[in-house]
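*Asks:* Let me begin by handing over the structure; questions about it come next.
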Amino acid sequence: MGGLDLKALGRPKRCVIQIKRQALLSALQGAKELYPDEFIALFRGEEQRGHLVLTELIIPPFAHGDEDSSSYSPYFIPANSSEKASFHSHPDPDTAYPSDEDLYYFSHSGGFHFIACHPFELKDVNGFDALGKQVAFEVI
Ligand SMILES: [Zn+2]
């Protein structure tokens with residue numbers, strides 16, 4: 001409300017991404033069920049006043065993973081869709097960081113990307129932007 005707050009403009013908000021707890025828990029559940037294969041999915045979201053709220057998990061119909069990789073590209077993110085972020089799992093502990101392949105994929109798909117590693121609890125999830133830079137997110 002009120003006028004433009006110029007002082008706030010240069011100061012990025014701490015969390016630009018919020019994700020509904022249920023959406024993230026569904027993704028983690030999928031990761032647990034497919035373990036040790038990779039689970040991949042997308043999150044639907046909406047932009048609200050400069051931040052992104054991810055609301056719902058979408059499991060792509062032809063997604064499949066194996067122990068080394070997951071396949072994404074053919075169905076991923078038309079420019080005008082409401083799919084705003086991807087999610088995939090890594091089967092090993094402490095590996096919630098993008099691989100070289102992941103970085104390539106992130107840079108070509110834009111948006112935001114979540115990686116969860118075994119044992120797929122909330123603390124095992126990291127978020128990244130299209131450049132592979134880790135971003136903060138808030139579970140709501
Ligand atoms: Zn990966």
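The values are calculated or read from the model by the stated rules, or taken from the named source; none is laboratory data. Note that the structure is a prediction, hence the values are computed from the model and not measured. For neighbour counting, all protein chains shown are included, and Cβ atoms are generated from backbone atoms with ideal geometry for every residue, glycine included.
*Asks:* So, of the residues in segment 82-111 that are in a strand (DSSP E or B) and closer than 16 Å to ALA31 by Cβ, which turns out to be farthest from the ligand (Cβ to nearest atom)? Explain how you work it out, then say what you get.
*Replies:* Narrowing segment 82-111 to residues in a strand (DSSP E or B): 83-90.
Filter once more, so that each one left must be closer than 16 Å to ALA31 by Cβ: 85-90.
Values: ALA85: 14, SER86: 10, PHE87: 10, HIS88: 5, SER89: 8, HIS90: 5 Å.
Of everything passing the filter in segment 82-111, ALA85 is farthest from the ligand (Cβ to nearest atom).
*Asks:* Could I ask something else about it? Which one of these is at pLDDT 55 or above and over 22 Å from LYS123 (Cβ atoms): ASP66, ASP92?
*Replies:* One residue alone meets the criteria, ASP66.
*Asks:* Quick check, is GLU46 touching a strand residue (DSSP E or B) at 6+ places or on another chain (Cβ under 7 Å), farther than 22 Å from GLY132 by Cα, part of a strand (DSSP E or B) and modelled with pLDDT of 85 or more?
*Replies:* When the stated conditions are applied, GLU46 does not pass them.
*Asks:* While we're looking at this one, here's another question. Can you give me the number of residues within segment 117-140 that are out of contact with any strand residue (DSSP E or B) (no Cβ under 9 Å at 6 or more places or on another chain) and either in a loop (DSSP other than H, G, I, E, B) or surrounded by 13 or more Cβ atoms within 10 Å (Cβ to Cβ) (or both)? Reasoning before the result, please.
*Replies:* Of the residues in segment 117-140, the ones out of contact with any strand residue (DSSP E or B) (no Cβ under 9 Å at 6 or more places or on another chain) are 119, 121, 123, 131, 133.
Filter once more, so that each one left must be either in a loop (DSSP other than H, G, I, E, B) or surrounded by 13 or more Cβ atoms within 10 Å (Cβ to Cβ) (or both): 119, 121, 131, 133.
The qualifying residues number 4.
*Asks:* Condition check: in a strand (DSSP E or B) and more than 10 Å from the ligand (Cβ to nearest atom). Does PHE114 satisfy that?
*Replies:* Spelling it out, PHE114 is indeed in a strand (DSSP E or B) and more than 10 Å from the ligand (Cβ to nearest atom).
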